[in-house]
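Taking it in order: structure first as structure tokens, then the write-up.
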Amino acid sequence: MQYKDSRYFNVAHAYDLAGGEYVLYRFLEMIPGLVSWGTIIGIVLLSMYAPVAAAYFIIAFDLYWLLKTFYLSLHQKHSWRRLRHNMNVDWRARMETLPYTHLYHMVLLPYYQESEDIVEEALRSVAASDYDLSKVIVVLAAEARAGDEARQIGERMRTTYRDIFPHMIVTIHPDGLPGEIRGKGPNITYAAEEARTQVLDPLQIPYEDVIVSAFDIDTVIESKYFSCLSWHFLTTPNPHQASFQPVPLYNNNIWDAPAVSRVAAFSSTFWQMIQQERAEKLTTFSSHAVSFKALNEVGFWQKNMISDDSRIFWNLYLANDGDYRTIPISYPVSMDANLAPTTWQTLVNIYKQHLRWMWGAENIPYMLLGFIKNKNIRFREKVFHTLVQLEGFWSLATSPIIILLLGWLPLILGGDAFRDTVLSYNLPFVTRNLMIISMLGLILAAATAFSLMPRLPDHMQKQKRRHYLGATLQWLLVPFTIIIFGAIPGLHAQTRLMFGRYMGGFWVTPKHRK
């Protein structure tokens with residue numbers, strides 16, 4: 001690794017800098033919000049003062065969205081086929097042709113106030129792996145602020161599984177350490193450092209032989225996960241300059257979740273499936289894996305920010321002068337869909353979770369600052385990643401609003417002169433028909449969702465038809481969910497970032513199961 005400017009490497013927000021650097025970073029933080037709000041306000045003004053131009057722009061945008069929907073649907077279809085194929089591959093047999101016995105897998109399982117059942121289900125899935133468990137290092141990472149119950153859960157799990165996992169430790173992350181926010185990043189960084197001190201160094205395990213899987217506590221893995229990950233690691237050129245991304249399926253409790261939560265959960269899964277087919281654009285998200293050697297060289301995950309799962313990619317990308325990528329492994333890990341005791345609280349939790357995800361826009365100023373400071377990254381790579389990241393956050397925040405809400409503005413604000421034109425008469429029909437065609441992608445979404453959902457629980461079998469009908473009709477909610485849980489939290493996050501109203505801490509999604 002050639003580049004690691006300590007002055008900028010741990011920047012979380014503009015207030016970490018001073019003088020001209022502070023001004024520059026504040027401007028970079030404003031860019032996502034300026035682009036998104038500029039688009040929306042621009043359409044409103046065009047509709048008032050140049051309704052013909054606004055109408056042509058809306059038609060062109062709807063056509064662009066139709067083509068993009070077709071393009072993304074093809075990627076989703078190919079990703080689904082690859083996912084199903086990889087789940088049926090005998091990865092252990094494939095590994096027999098490779099030298100793999102030296103590899104260790106470290107599993108980080110951070111938890112806060114989750115129930116013991118959720119913690120144990122994650123451990124059971126690791127224990128059911130087809131990998132040699134003597135080469136699996138399990139780290140249960142509790143938060144001290146969670147109190148004695150979290151400590152006791154850790155100790156009970158260590159007692160229960162000590163004969164299954166020879167290398168299992170429980171760490172208690174202290175609260176209020178200097179330079180840390182309350183969040184996942186500080187906890188898993190502390191856990192990884194403790195694992196190095198308690199396991200790797202005493203046993204003299206080389207850091208380059210350890211692959212770290214940073215999971216959420218509700219992550220349940222398939223039995224062949226470690227074998228699949230090992231094969232990809234061993235067949236990837238320069239694997240210490242790569243992260244490895246499985247496909248997150250939010251289906252542990254999917255049948256218990258309300259329809260709106262199911263749609264939101266599968267929408268997130270589908271986006272990650274699409275990204276798996278566009279590896280050049282893929283960054284780490286949620287549960288991911290990376291070599292301990294690479295993590296150790298950059299100081300593990302940042303301790304002062306919320307979107308640590310995606311920031312670690314940019315930490316490593318800059319540290320390696322752009323010679324770093326994320327490898328899609330097209331293999332699933334299962335997590336919980338949002339579920340709370342009441343439907344209203346479920347909706348609130350979905351919004352908060354998506355707001356936290358959309359806060360990933362904070363990586364854009366960090367990335368841009370790194371591009372300015374690091375002269376070793378090729379210019380075309382800087383341009384490519386800048387456009388990809390800006391377009392992604394811009395599209396999430398503005399496209400649903402343009403398609404579903406702003407398409408009628410020229411008719412409303414354009415005045416009588418515009419309403420008397422042929423274009424005014426045809427605008428609603430053109431936009432409606434383009435959107436109806438693009439919504440045909442929901443058929444593919446529904447079919448894919450059914451293929452990925454677990455078996456209907458026994459207690460629901462008596463009303464099987466009703467549950468299956470609900471799981472089909474739920475996709476009619478998409479026009480509402482992409483605005484309420486997509487565009488609005490996207491604009492919310494970008495607006496806060498634009499005005500320097502930073503999110504103060506990591507909101508932990510409550511885990512609830514019936």
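Values as computed for the structure displayed
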read-out	value
Total residues in segment 37-57, condition crowded, with 17+ Cβ neighbours inside 10 Å, more than 27 Å from the chain's Cα centre (by Cα) and either within 17 Å of Pro400 (Cβ to Cβ) or not aliphatic (A, V, I, L, M) (or both)	4
Residue among Leu396, Leu404 that alone is hydrophobic (A, V, I, L, M, F, W, C), at pLDDT below 80, under 16 Å from Leu491 (Cβ atoms) and touching a helix residue (DSSP H, G or I) at 6+ places or on another chain (Cβ under 8 Å)	Leu404
Residue in segment 137-146 that is surrounded by fewer than 21 Cβ atoms within 10 Å (Cβ to Cβ), over 26 Å from Met305 (Cα atoms) and not small (Gly, Ala, Ser) present	no
Meets criteria (touching a Gly at 6+ places or on another chain (Cβ under 7 Å) and in contact (Cβ under 8 Å) with a residue 12 or more places away in the chain) for Lys281	no
Of all residues in segment 243-291 being farther than 30 Å from Ala195 by Cβ and polar (S, T, N, Q), the one that is nearest to the chain's Cα centre (by Cα)	Ser267
Single unsatisfied condition, His288 versus (1) in contact (Cβ under 8 Å) with a residue 60 or more places away in the chain; (2) over 15 Å from Thr326 (Cα atoms)	(2)
Residues (in a helix (DSSP H, G or I) and within 15 Å of Ile254 (Cβ to Cβ)) located in segment 443-463	Ala445, Ala446, Thr448, Ala449, Phe450, Ser451, Leu452, His459, Met460
Near pairs, Cβ below 6 angstrom, 6+ apart or cross-chain, from segment 343-360 (touching a residue at least 60 places away in the same chain (Cβ under 8 Å) and within 12 Å of Ala487 (Cα to Cα)) to any residue that is in a helix (DSSP H, G or I) and among the small types (Gly, Ala, Ser)	Leu355/Ala493; Met358/Gly490; Met358/Ala493
Matching option when the condition is under 26 Å from Gly38 (Cβ atoms), free of Cβ contacts under 8 Å to residues at least 24 places away in the same chain and not acidic (Asp, Glu), among Ser399, Ser395, Ser424	Ser395
Cross-chain or 6+ apart pairs with Cβ under 7 Å, segment 295-309 first and at negative phi, then aromatic (Phe, Trp, Tyr)	Asn296/Tyr207; Ile306/Trp359; Ile306/Phe506; Ser307/Trp359; Asp308/Trp301; Asp309/Phe285
Residue in segment 58-79 that is more than 28 Å from Thr269 (Cα to Cα) and surrounded by 14 or more Cβ atoms within 10 Å (Cβ to Cβ) present	yes
Strands (runs of 3 or more DSSP E) wholly inside segment 201-295 containing at least 3 residues that are touching a Ser or Thr at 6+ places or on another chain (Cβ under 7 Å) and within 30 Å of Trp475 (Cβ to Cβ)	242-249
Condition check for Ile482: under 27 Å from Trp357 (Cα atoms) and β-branched (Val, Ile, Thr)	yes
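A quick yes/no check of all residues on (1) touching a strand residue (DSSP E or B) at 6+ places or on another chain (Cβ under 8 Å); (2) farther than 30 Å from Leu17 by Cβ; (3) assigned to a loop (DSSP other than H, G, I, E, B):
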position: Leu318; (1), (2), (3): no, no, no
position: Pro328; (1), (2), (3): yes, yes, no
position: Pro332; (1), (2), (3): yes, yes, no
position: Asn338; (1), (2), (3): no, yes, yes
position: Thr346; (1), (2), (3): no, yes, no
position: Ile350; (1), (2), (3): no, yes, no
position: Trp357; (1), (2), (3): no, no, no
position: Tyr366; (1), (2), (3): no, no, no
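The values are calculated or read from the model by the stated rules, or taken from the named source; none is laboratory data. None of the values given here were measured: they were computed from a predicted structure. All Cβ positions, even for glycine, are placed from backbone atoms using ideal geometry, and neighbour counts span all protein chains on display.
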